[in-house]
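Structure first, commentary second.
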Amino acid sequence: MPSKVPDGWTLTTLTSVARLESGHTPSRRHPEYWDGGVPWLSLHDSKSLDKPEIEETVQTISELGLANSSARLLPAGTVVFSRTATVGKATILGRPMATSQDFANYVCGDHVHNRYLMQLFRFLQPEWKRLMAGSTHKTIYMPVFENLQVLLPPISEQEKIAEIVASVDEAIDASQAIIDQLQVVKKAMMGELLTKGIPGRHSRFKKTEIGEVPEGWAVVDVLDVVERMRPAGAVQRSAYKTRGKYPVVDQGAEFIAGYTDDASLVVDTTGPTILFGDHTREWKYLDFPFVCGADGTQLLRAKSGINPRFLYFALSALPLKNLGYARHFKLLREAKIALPDCREQGEIANAVQAVVDRENAERAKVAGLRELKAALLSVLLTGEVRVRDGAPIPGPSPVAGEGRAEG
């Protein structure tokens, strides 16, 4: 909430401009209540809640299940908000459907635009975290939604704000689609190049314990081509800094989790390092000075005569299914890879890296668009910047010292 309600905006209880509906789960003891023609939104659809609209659901219920439960068939255009487990996710029903009790649903009236409300709900993620309750399963209870207050601009301005943010979302989705396609291309390319070599170069192949490979290639144990490194030490998470000379590589949600200025802990940087995460089951290629975080990792380096980036791609292609935590190094002790000569190693590495570079460029583009979206939401949903007739107009500056309206 801004310190001052912008001119023409209103702070209102949401239920005064939208009808609040809860959901329900029909009895599982009656099979005839399920697998009918009525879409039923549940936590199984969590991934779809990031889309602007949802058309299909994982589970369906029957008309009989609808009639014999408290579930309601909500109209298309209803804003649905996940209040349990994936708290804060919101989308719009693209067709009439029912929901489970894990959702708070708003059927919007004439004074609130559904796409504006969806974006507002997504923007309020920090506030939802504050309102969550429960020791085991975090949830936001229905009285919160019954009394929820929101800041609303005129309906025409709501529509323009929703349109502006939607255009950024469309650009993000377009780049993400490119990333998804590049990942498919990269996987197929690696599968071909790492077993068949550069297209058209090899005509004779031999059968080996890891499959058919070009006749001139060797099949080697991974431990014969890598050196295992030991980090000088690790930085505990409590000591991570937001800025510093050396990045701290960890296994949390962010690969680079923090920074440190402690040069004594920097991993030997005489060559690229290949990192395997015990928890994430991911390989990383590092060609910059770094420090290991508190989580366990395997640090490897290519032996002399082995292209380090080729080795990284070959290791990344190893199967990791059913690999238990206690057996993380067993993968390396037992694994074998196909090895071409140094020249072809480099050519294969360059071909795959070209796709990786394109993917990274798109990821950077998505990150920039997400930052732009966050900045837009912070000024548009608070009235700091106004949009009238499609043009942004500076809004009133917050007044220091004035009371903060409760939401």
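None of the figures in this text is laboratory data; all of them are computed from the coordinates on show. These numbers were taken from a predicted model, which means no experiment stands behind them. Ideal geometry is used to build each Cβ from the backbone, glycine not excepted, and the neighbour counts take in all protein chains shown.
Quick check: Cα centre of segment 21-45 to Cα centre of segment 117-139, how many Å?
24 Å
Within a 10 angstrom radius of the beta carbon, how do LEU11, LEU315 rank from fewest other beta carbons to most?
LEU11, LEU315
Could you derive backbone 3J(HN,Hα) for segment 123-130 from the dihedral phi with the Karplus parameters 6.51, -1.76 and 1.60 (θ = phi - 60°), listing whole Hz in sequence and x where the residue is Gly or Pro?
5, 8, 3, x, 5, 5, 4, 5
Computed from these coordinates, which is mean projected area of the Cα convex hull in nm²: (i) 18.3; (ii) 26.9; (iii) 16.9?
Entry (ii).
Once the Cβ-Cβ distance between LEU43 and ASP180 is put in as r, and R0 is 22 Å, what FRET efficiency do you end up with, to the nearest 0.05?
Step by step, r from the Cβ atoms, then E = 0.40.
Above 13 angstrom, tally the Cα pairs of segment 185-226 and express them as a % of all pairs, no decimals.
58 percent
Could you list ASP169, ASP110, ASP35 so that the one with the fewest beta carbons within 10 Å of its beta carbon is first and the one with the most is last?
Taking fewest neighbouring Cβ atoms as first place, the list is ASP110, ASP35, ASP169.
When a footprinting reagent is the concern and you count Cβ atoms within 10 Å, what order do TRP40, TRP128, TRP34 take, fewest first?
Going from sparsest to densest Cβ surroundings: TRP34, TRP128, TRP40.
Taking the simple approach of a point 7 Å from Cα along Cα-to-Cβ for both GLU56 and SER27, what is their distance in nm?
In this crude label model, GLU56 to SER27 measures out at 3.2 nm.
I'd like the Karplus ³J(HN,Hα) series for segment 11-16: coefficients 6.51, -1.76, 1.60, θ = phi - 60°, whole numbers in Hz, and an x wherever there's a Gly or Pro.
9, 9, 5, 4, 5, 7
Segment 135-237: D in µm²/s via Stokes-Einstein (Kirkwood Rh, Cα pairs, 10 °C, 1.306 mPa s)? Numbers along the way, then the final one.
On the way: Rh = 21.3 Å.
Calculated translational D: 74 µm²/s.
Residue by residue, what Karplus-based ³J(HN,Hα) values in Hz, rounded to whole numbers, does segment 165-181 have, using 6.51, -1.76 and 1.60 with θ = phi - 60° and x for Gly and Pro?
5, 4, 5, 5, 4, 5, 5, 4, 4, 5, 5, 5, 5, 5, 4, 4, 5
By how many nm would the segment from LYS129 to SER304 grow when fully extended, if each residue of separation counts as 0.36 nm and the alpha-carbon distance is taken off?
Answer, rounded to one decimal: 57.9 nm.
Could you give me the radius of gyration and the Dmax of segment 10-153, taking only the C-alpha atoms into account and expressing both in angstrom?
14.8, 47
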